[in-house]
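The values are calculated or read from the model by the stated rules, or taken from the named source; none is laboratory data. All of these numbers come straight from a predicted model, not from anything done at the bench. Virtual Cβ from ideal backbone geometry, glycine too; neighbours counted across all protein chains shown. Please note that ligands, DNA and RNA were not included when accessible areas were found on the heavy atoms of the full protein model with its side chains. Shrake-Rupley method; radii C 1.70, N 1.55, O 1.52, S 1.80 Å.
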Amino acid sequence: MIQPFTPEPIRFVAEDGTPVQPLPERFTPDVLRELHGLMLQAREFDRKLITLLRQGRTTFYAQSSGMEATQVGLARSIRVGHDWVWPYYRDHTLGLAMGVPMDELISQCLGTNSDTCRGRQMPHHFAARRQNFVSISSSIASQVPPAAGNAMAQKYLGVDEITVCTFGDGATSEGDWHAGMNMAGAAQAPALFVCENNQWAISTSIREQTASETIHIKARAYGMPGYYVDGNDIIAVMEVCAHAAGQVRAGHGPALVECLTYRVGSHSNADADAEKHYRTREEVDAWLARDPITRLEKLLEHLGHPVSAEERAALIARTHREVDEQVLRAEATGQPDWRIMFEDVYADLPDHLRQQEAFLRAEQSAGQGGRA
Amino acid sequence: MTATQDRPEMTPMTSGRTINLIQAVTEAIAEEMERDSRVVLFGEDVGARGGVFMATAGLQERFGKHRVFDTPLSEASIVGAAVGMAVRGLRPIAEIQFADYMGPGFDQIISQAAKIRYRSGGQFTAPMVIRTPSGGGVKGGHHHSQSPESYYTHTPGLKVVMPSTPYDAKGLLKAALRGEDPVIYFEPKRLYRAAKGQVPDHDYTVKLGEAAIRREGSDLSLIGYGGVMPDLEKAADALGAEGVSVEVIDLRSLVPWDRDRVLTSVQKTGRAVLVSEAPRISNFMGEVAYVIQEQAFDFLTAPVGQVAGFDTPYPYVQDKVYLPGANRIVAACVQALNY
């Protein structure tokens, strides 16, 4: 039985891969292997995108290595395409696991013509209508009040959808976070808030972020249950998120889940030498020992269904090949032209934008760039 | 096109009623809620109390608590929730009790409401209306009297509206609610009960982006919007008594705004005086002045005049001194006429 407000994170599997409590029946070896495959794919996606960054083919990337269990586990706990998700900027693994096509993610990171967001946002800020994966904003925690509103609309419409809203630990310091949590609580809206507590907001540690011992206990202030889960244990994440989502869907109001995890890499390419400046190698190593993918491999070994080195290598090779192919395909579509600047500002083009568009059209056809 | 077709606000009404501006707001909301079940209304105290100005009086009783409800005292929540509701398919009307209190909701307005269509490539949109009383003249001090419209006219993705008559208040609000974009709808609070006028009995809308010519004239174009409009009329009367023919234009809508009507007028009169009560630096009227000098420079016989609020926080005691009254407007017009 999953309980809120536990003093320690809920876990099912220890770091050495041994179960610490009976595994629910649904986690058959096949299911576990599939989850392992998804996490490994996401990890390799990270690796390849970092390579693209180094090659100068994209300009920004925020890796989620180390956080795969949290994001894949969450994706597997909701009804994809039925529920709505207001994500934050480190959620591409969540997107991948929800079935957002890899080519859409890559196209967005490259800002090509195949980008469904039309090259308007910095890399790694995608949106996917089919999955109800709402557009990512860089403005921290600004998705939280809209997520509350999305859930309020679901309640108003009488649908059995829920709204999922994710954020990092840093977001919980923003006014918007408290406003959105309070609103959802007051409205008893079907919202599932998931804190991907990876312990660092760029270079500010969770200890400097809040005097609160944990994030999940803040749920008390908003009249909702707060669950504390080992975010590197995918079984625990799925059990807790599925339980919380079920409660939310059943009309018991919103819930907060804190997934305790770790960002193994830097925040982004902007602080690639994190260990030099704000955290220790020892800390990173200690968390690497709790790695979610390794832990699941150890569990599979323990259960007598090990992932062979060949299987692992084949999966990695397949992901690399797929990313390479998608990158070439995306790049072949070219960059969106200047016209995209004016579209989608409003539903229709108002006169002042029509005039500015005409100005730019004339400038472009005369071959004069604005930057000359 | 005839003059009356072109200017629906001047169309003689065969059947209509005289109401004040706040009643027009209430009627617009009620009729749109009746018409479209996706329309919901919320904010601080809008429910049982009917809003601090009573703009939403009786609506909760009529439409139920699920459609008209009070929220926590949090502008970020109110605006943000409206964004989420709109994205999920409702037509929210969010009331912010005073425009001065939009600060905590600012991030939600500029980061979410204004940009979600653009940044998602049109995959997600937020058609919604934020209604808020603004402007001075009610002895409210600086947190109940400001005119912050220029913050919002500066943000692409938002439409910004401010009516000054019951006809426009009703028609613009209905149009805003039927549109596909987020609209900031400023209500000049000192005109809530002071502005009275006819509205037709039938359903109508006023298109956003069209200015209204309140009176025609040939010597000078006097251009304003919102709470200052009665002062423009008074100034035009005073100048008229001296034999000066003033054309009075009410912008009604700031984004988009009616360049054509303004330029046509200035090309006819050769003089323009722009009036608003917002502080002068980065005042929206600065943009209007720029466009006039850019597009109608050869027609001008005098520099474009501007009457604005002072660049101070809004003063409580000197409320009436701060606001551009008819005298100050007349003085600016005389200066332009004597140039």
Seminar exercise, completed: the stretch B:105-171 and the stretch A:35-56 have their Cα centres apart by a whole-number Å value of 42
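If you stretched the chain out fully between residue A:365 and residue A:188, how much longer would it get, using 0.36 nm times the residue separation minus the C-alpha to C-alpha distance?
58.2 nm
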Exercise. Classify the stretch B:170-317: rounded, prolate or oblate, from the alpha-carbon gyration tensor (a ≥ b ≥ c, eigenvalue square roots; a/c under 1.5 rounded; otherwise prolate if a/b is larger than b/c)?
Worked result: rounded
For this session: Take chain A, connect every pair of alpha-carbon atoms lying under 10 Å apart with a spring to form a Gaussian network, then pick out the residue of A:293, A:106, A:206 with the largest mean-square fluctuation.
Result: A:206
Exercise. To the nearest 10 degrees, how steeply does helix B:21-35 sit against the main Cα axis of chain B, on a 0 to 90 scale?
Worked result: 40
Problem set entry | Over 19 Å between alpha carbons, listed pairs B:189/B:320; B:65/B:196; B:207/B:234; B:159/B:234 | B:65/B:196; B:207/B:234; B:159/B:234
For this session: Could you work out the relative contact order of the stretch B:143-302, using alpha carbon pairs under 8 angstrom and six or more residues apart, expressed as a whole percent?
Result: 26
Exercise. Where in the stretch A:44-59 does the amide nitrogen come within less than 15 Å of the point 7 Å from the Cα of residue A:335, taken along Cα to Cβ?
Worked result: A:56-59
Exercise. What residue among B:205, B:18, B:153 has the largest mean-square fluctuation in a Gaussian network model of chain B, using Cα springs under 10 Å?
Worked result: B:18
Exercise. Taking chain B as a Gaussian network, Cα atoms linked when under 10 Å apart, which of B:74, B:164, B:276 shows the biggest mean-square fluctuation?
Worked result: B:74
For this session: State whether the protein assembly as shown is rounded, prolate or oblate according to the following rule on the C-alpha gyration tensor (a ≥ b ≥ c being the square roots of its eigenvalues): a/c under 1.5 gives rounded; otherwise a/b larger than b/c gives prolate, and the remaining case gives oblate.
Result: prolate
Exercise. Can you list the lysines whose alpha carbon sits under 28 Å from that of residue A:48, skipping same-chain ones fewer than 8 residues off?
Worked result: A:276, A:298
Problem set entry | Antiparallel DSSP beta bridges within the protein assembly as shown, as percent of all bridges there, nearest 5 | 20
Exercise. Any residues in the stretch B:110-128 that have 40 Å² or more less accessible area with all protein chains than in their chain alone, probe 1.4 Å, and which are they?
Worked result: B:112, B:117, B:118, B:119, B:121, B:123, B:124
Exercise. Tell me, how many Å apart are the Cα centres for the stretch A:64-108 and for the stretch B:229-260?
Worked result: 56
Problem set entry | Protection-proxy order for peptides A:71-77, B:120-126, A:361-367, A:260-266, each taking the mean of Cβ atoms within 10 Å per residue, highest first | A:71-77, A:260-266, B:120-126, A:361-367
For this session: Express the carbon and sulfur contribution to the solvent-accessible surface of the protein assembly as shown as a percent, rounded to the nearest whole number, probe 1.4 angstrom.
Result: 51
Problem set entry | Angle in degrees between helix B:229-241 and the longest Cα principal axis of chain B, rounded to the nearest 10 | 20
Problem set entry | Whole-Hz ³J(HN,Hα) from phi, Karplus 6.51 cos²θ - 1.76 cosθ + 1.60, for the stretch B:203-213, glycine and proline x | 5, 7, 10, 10, 5, 5, x, 10, 7, 10, 8
Exercise. How much length is gained on full extension from residue B:264 to residue B:202, taking 0.36 nm per residue of separation minus their Cα-Cα distance?
Worked result: 19.2 nm
Exercise. How high is the relative contact order of the stretch A:238-372, given as a whole-number percent (alpha carbon pairs under 8 Å, six or more residues apart)?
Worked result: 8
Seminar exercise, completed: Distance in nm between residue B:241 and residue B:320 label points, each 7 Å along Cα→Cβ, equals 1.7
Problem set entry | List A:47, B:131, ordered by accessible area with a 1.4 Å probe, largest first | A:47, B:131
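Can you give the FRET efficiency to the nearest 0.05 for residue B:70 and residue A:20, using r as the Cβ-Cβ distance and R₀ = 35 Å?
Calculated transfer efficiency: 0.15.
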For this session: Sort the stretch B:126-189 into rounded, prolate or oblate with this rule: let a ≥ b ≥ c be the square roots of the eigenvalues of the Cα gyration tensor; rounded if a/c is under 1.5, and if a/c is not under 1.5, prolate when a/b is larger than b/c, oblate otherwise.
Result: oblate
Exercise. Over all residues in B:87-97, what is the mean tally of Cβ atoms on other chains that come within 10 Å of each residue's Cβ?
Worked result: 4
Exercise. Taking a 1.4 Å probe, which of B:219, A:30 shows the most accessible area, and what order do the others take after it?
Worked result: A:30, B:219
Exercise. When only Cα pairs under 8 Å and 6 or more residues apart are kept, what is the percent relative contact order across the stretch A:219-302?
Worked result: 30
Seminar exercise, completed: The ³J(HN,Hα) series, computed from each phi in the stretch B:44-60 with the Karplus coefficients 6.51, -1.76 and 1.60 at θ = phi - 60°, rounded to the nearest Hz and given as x for glycine or proline, is 7, 6, 7, x, 4, 6, x, x, 5, 9, 6, 5, 10, 4, x, 6, 5
For this session: Kindly tabulate the residues in the stretch A:318-352 with an accessible-area decrease of at least 10 Å² between the chain alone and the assembly of all protein chains, using a probe of 1.4 Å.
Result: A:341, A:344, A:345, A:346, A:347, A:350, A:351, A:352
Seminar exercise, completed: Check: C-alpha center the stretch B:284-339 vs C-alpha center the stretch A:173-209, spacing in Å is 47
Exercise. Once the whole set of protein chains is in place, how much accessible area is left on residue A:84, using a 1.4 Å probe, in Å² to the nearest 10?
Worked result: 10
Exercise. What does the accessible area per residue of the stretch A:54-119 come to in Å², with a 1.4 Å probe and no ligands, DNA or RNA counted?
Worked result: 26
Problem set entry | Area accessible to solvent at residue A:297, 1.4 Å probe radius, in Å² | 30
For this session: Could you work out how far helix B:284-295 tilts from the main Cα principal axis of chain B, as a 0 to 90 degree angle to the nearest 10?
Result: 50
Exercise. Can you list the residues, at least 5 places off or on another chain, whose amide H is less than 5 Å from the amide H of residue A:257, using H built in the peptide plane?
Worked result: A:193, A:194, A:195, A:227
Exercise. Per residue of A:114-127, what is the mean number of Cβ atoms on other protein chains within 10 angstrom of that residue's Cβ?
Worked result: 3
Problem set entry | Solvent exposure, largest accessible area first (probe 1.4 Å, DNA, RNA and ligands not counted), of B:150, A:64 | B:150, A:64
For this session: Between residue A:282 and residue A:57, take the C-beta separation as r, use R0 = 22 Å, and let me know the FRET efficiency to the nearest 0.05.
Result: 0.05
Problem set entry | For chain A, share of DSSP beta bridges that run antiparallel, in % to the nearest 5 | 15
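Averaged across A:133-145, how many Cβ atoms of other chains sit within 10 Å of each residue's Cβ atom?
If you average over the peptide's residues, the count of other-chain Cβ atoms is 6.
Using a 1.4 Å probe on protein heavy atoms only, how many Å² of accessible area do A and B hide from each other, summed over both chains and rounded to 100?
3400
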For this session: Work out from phi, with θ = phi - 60° and the Karplus expression 6.51 cos²θ - 1.76 cosθ + 1.60, the ³J(HN,Hα) of each residue of the stretch A:285-296, listed in order in whole Hz, and give x for Gly and Pro.
Result: 4, 4, 6, 4, 5, 9, 3, x, 6, 4, 4, 5
